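Student: So that we are looking at the same thing, I have put the structure below in structure tokens.
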Amino acid sequence: VRSEDRQRKHDELWQKEVVDGMARMLDVLHDISDGIQKLSAASPPAPPAPPTANEESQKRLLSVTDLAALLGVTPEVVRGLRASGNGPPVTKVGRRIFFQRKDIEVWFEKNREVPVENFQPWRGTYLPGRIGSTVPSSSKPAERKYCSGSNTEPMAASPYSGRAVCRVCKDHPIVNRDGRLRKHYPRGW
Ligand SMILES: [Zn+2]
């Protein structure tokens, strides 16, 4: 019981500490905001802001340079996108070309890459090794299957002692005591 009392007393003290600390922090914040208000009152009123980026972003038609600025690239890149047909649809006004904001939005959505589960960027990639060989579509190794010539009579005697020629894979697996071929994997593994 005594230890519980001590614990409660400790908790109360601790909570009081926390509340005091927060109050002090609030005081400091109030001081800061007061200082900021004084400063802003002292400075002359700011002149009307020039058209900001926000206003710019409300334009419905974007020129090539506008889109380039939006993408953070040079206008040449935008023209290249258009020439290659990978850019957003254009709207022609006279001879000038513009991009409609909604078209750009659609284009953004179209280009959005959704992460695929078990994404394998190397899938289907050609390997430098053998002609036509690609990385397997699954990272799991293909299941090894025993040669269907396992546990069968060998086709012929083998030059190797204790081995014989498999009818299926033409390899030389070990011959069991009963004269049948030992379980083996086909050649090539
Ligand atoms: Zn075999």
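The values are calculated or read from the model by the stated rules, or taken from the named source; none is laboratory data. A quick note: this is a predicted structure, and the numbers were derived from the prediction, not measured. Cβ coordinates were reconstructed from backbone atoms using ideal geometry, including for glycine residues, and neighbour counts include every protein chain displayed.
Student: What pairs can you find where one residue is in the range 170-185 and near the ligand (Cβ under 8 Å from one of its atoms), the other is of a type in the set (Val, Ile, Thr), and their Cβ atoms are less than 8 Å apart, with a gap of 6+ or different chains?
Tutor: Qualifying pairs under 8 Å: Asp171/Val165; Leu181/Thr152; Leu181/Ile174; Leu181/Val175; His184/Ile174.
Student: Among Glu76, Glu12, which is the only one that is among the charged types (D, E, K, R), assigned to a helix (DSSP H, G or I) and at pLDDT 90 or above?
Tutor: Working: Glu12 fails: at pLDDT 90 or above.
From the options Glu76, Glu12, the qualifying one is Glu76.
Student: State all residues of the range 165-183 that are farther than 8 Å from Gly149 by Cα and either in contact with a Pro (Cβ under 7 Å, 6 or more places away or on another chain) or not basic (Lys, Arg) (or both); if no residue qualifies, say none.
Tutor: Val165, Asp171, His172, Pro173, Ile174, Val175, Asn176, Asp178, Gly179, Arg182
Student: What are the residue pairs meeting all of these: first residue in the range 74-103, first residue charged (D, E, K, R), second residue surrounded by 15 or more Cβ atoms within 10 Å (Cβ to Cβ), Cβ atoms under 6 Å, and 6 or more apart or on different chains?
Tutor: Asp103/Pro88
Student: Among the residues of the range 146-161, is there at least one that is within 10 Å of the ligand (Cβ to nearest atom) and closer than 30 Å to Gln120 by Cα?
Tutor: yes
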